[in-house]
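Student: Okay, here's the structure, questions in a sec.
The values are calculated or read from the model by the stated rules, or taken from the named source; none is laboratory data. Quick caveat: nothing in here was measured; it's all calculated off a predicted structure. All Cβ positions, even for glycine, are placed from backbone atoms using ideal geometry, and neighbour counts span all protein chains on display. The accessibility values were calculated without ligands, DNA or RNA, using every heavy atom of the protein model including side chains. Shrake-Rupley method; radii C 1.70, N 1.55, O 1.52, S 1.80 Å.
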Amino acid sequence: MADNHTLITVSAFSGLAGALLTQMMTGLFAYLSDKRKYNQEVSNQYRAKKVEIGENFYYMTGEIMVVIKKNIGYWKNWNSSRSEASLEFLNKEMIKLNAHMDKLKSENWKFNLVNLYFKVSMSNNEVIRYNTRSQQLYLKVRDIMDQIRKTGAADQETLYQRYALAVFDMCSQYEELYARMEQDANRIREEILRDFSRKHH
């Protein structure tokens with residue numbers, strides 16, 4: 001009788017333990033499943049944000065590169081016409097370039113977040129350094145343009161030589177900036193395409 005009671009008790013505890021174990025395992029699996037879903041959701045959100053920032057940077061960089069290339073072309077051809085009207089036209093084009101770039105940057109704040117998601121060569125400090133140097137070179141060109149306007153024709157040749165050197169330095173700076181931006185744009189494009197390729201394989 002005692003053995004039978006012990007057997008019933010053990011069976012009851014075994015059933016209870018089995019139920020508890022099943023409940024624990026169900027809870028564990030549910031937790032792991034929820035955690036996996038959460039991690040997948042976070043990963044998807046990160047990937048989506050990375051693509052969004054990368055695409056914005058690629059678009060912005062392309063827009064700025066087009067403007068830079070166009071203005072380099074204008075400034076390099078300055079010698080074809082040394083008239084005051086020609087110098088004034090180039091000056092207006094540079095003002096338009098700066099205004100366009102400022103507008104692009106103000107409307108596309110995501111452009112500044114690229115360093116959070118991608119390894120690009122142009123850090124924010126590098127951009128500031130390039131902008132400062134470009135501004136200095138442009139002001140030098142402007143100063144010489146003003147001197148040319150105020151100087152008699154007989155004394156202008158020396159100023160035109162200085163002007164040519166100043167324009168060359170400014171264009172070289174912009175060509176260097178263009179090459180760096182092109183390198184970063186290509187790097188981001190390749191990384192985005194690589195991420196898409198991994199996702200679909």
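Student: How many residues are of a type in the set (A, V, I, L, M) and over 8 Å from the mean Cα position of the chain (by Cα) when one looks only at the stretch 111-126?
Tutor: So the count comes out to 2.
Student: Condition (residue is farther than 30 Å from LYS50 by Cα and open to solvent by 50 Å² or more (accessible area, probe 1.4 Å)) applied to the stretch 168-181: is it met by at least one residue?
Tutor: Yes: one or more hits.
Student: Further, regarding this structure: May I ask you to list the residues in the stretch 63-73 that are in contact (Cβ under 8 Å) with a residue 40 or more places away in the chain and either open to solvent by 30 Å² or more (accessible area, probe 1.4 Å) or not in a helix (DSSP H, G or I) (or both)?
Tutor: Hits for the stretch 63-73 are GLU63, LYS69.
Student: How many residues, within the stretch 87-98, are out of contact with any Phe, Trp or Tyr (no Cβ under 7 Å at 6 or more places or on another chain) and modelled with pLDDT under 75?
Tutor: Count: 7.
Student: If we scan the stretch 156-171, do we find a residue that is over 15 Å from TYR74 (Cα atoms), over 14 Å from the mean Cα position of the chain (by Cα) and β-branched (Val, Ile, Thr)?
Tutor: So far as the stretch 156-171 goes, yes, one or more of its residues are over 15 Å from TYR74 (Cα atoms), over 14 Å from the mean Cα position of the chain (by Cα) and β-branched (Val, Ile, Thr).
Student: From ASP184, ASP195, ASP169, ASP143, grab the single residue that is assigned to a helix (DSSP H, G or I) and either without any contact (Cβ under 8 Å) to a residue 12 or more places away in the chain or among the small types (Gly, Ala, Ser) (or both).
Tutor: Just one listed residue meets the conditions, ASP143.
Student: Report whether or not ILE148 is among the aliphatic types (A, V, I, L, M), at pLDDT 75 or above and under 30 Å from ARG189 (Cβ atoms).
Tutor: no
Student: For the stretch 107-123, give me the residue count where each residue is open to solvent by 70 Å² or more (accessible area, probe 1.4 Å), at pLDDT 70 or above and not in a loop (DSSP other than H, G, I, E, B).
Tutor: Number of matching residues: 2.
Student: Examine the stretch 7-22 for a residue that is open to solvent by 50 Å² or more (accessible area, probe 1.4 Å), modelled with pLDDT of 70 or more, assigned to a helix (DSSP H, G or I) and not hydrophobic (A, V, I, L, M, F, W, C), and state whether such a residue exists.
Tutor: yes
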